[in-house]
1. When you check GLU29 against the structure, is it charged (D, E, K, R), in contact with a helix residue (DSSP H, G or I) (Cβ under 9 Å, 6 or more places away or on another chain) and at pLDDT below 90, yes or no?
2. Check whether at least one residue in the range 61-72 is part of a helix (DSSP H, G or I), touching a residue at least 40 places away in the same chain (Cβ under 8 Å) and of a type in the set (Gly, Ala, Ser), and report yes or no.
3. Sort out which residues of the range 1-50 are farther than 26 Å from ALA74 by Cα and in a loop (DSSP other than H, G, I, E, B), and write them in order of number.
4. Taking LYS46 as the residue in question, decide whether it is of a type outside the set (Asp, Glu), modelled with pLDDT of 85 or more and either more than 11 Å from the chain's Cα centre (by Cα) or over 21 Å from ALA85 (Cα atoms) (or both).
5. Which residues, taken from the range 35-77, are surrounded by 14 or more Cβ atoms within 10 Å (Cβ to Cβ), over 27 Å from GLU22 (Cβ atoms) and not aliphatic (A, V, I, L, M)?
Amino acid sequence: MNLSRMNQARELKARMDRMQHELGNTMVEASSGGGAVKVIVDGQQKVKSIEISPKVIDPEKKEALEGLVLKAVAEALAKSQKAAAKQLKGLTGDLKIPGLF
């Protein structure tokens, strides 16, 4: 590998490291049940918080609440993946790198 390629590889790694840091600070929110359940996920697809309105906490409707939580988490993760893919595309252009979205 020539020196130019090694420098390009180092630069790409530094940019990827910066992007990972930025993704860790990028937060997306999703909700379900008209805002009864809110989920916040970071750009690295880590669930940061789940907020449930006291109005929907009813032991008799446990399955409905679980469904709302599941729906909000799935939506938040999808938004997070979209945000990460957008940032990654800016870094790699249209280059498809296996394992990176």
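1. no
2. The answer is yes, given that some residue of the range 61-72 is part of a helix (DSSP H, G or I), touching a residue at least 40 places away in the same chain (Cβ under 8 Å) and of a type in the set (Gly, Ala, Ser).
3. MET1, ASN2 - these are the residues of the range 1-50 that are farther than 26 Å from ALA74 by Cα and in a loop (DSSP other than H, G, I, E, B).
4. no
5. SER53, GLY67, LYS71
The values are calculated or read from the model by the stated rules, or taken from the named source; none is laboratory data. All values reported here derive from a predicted model rather than from experimental measurement. So basically every Cβ, Gly included, is an ideal-geometry build from the backbone, and we count neighbours across all protein chains shown.
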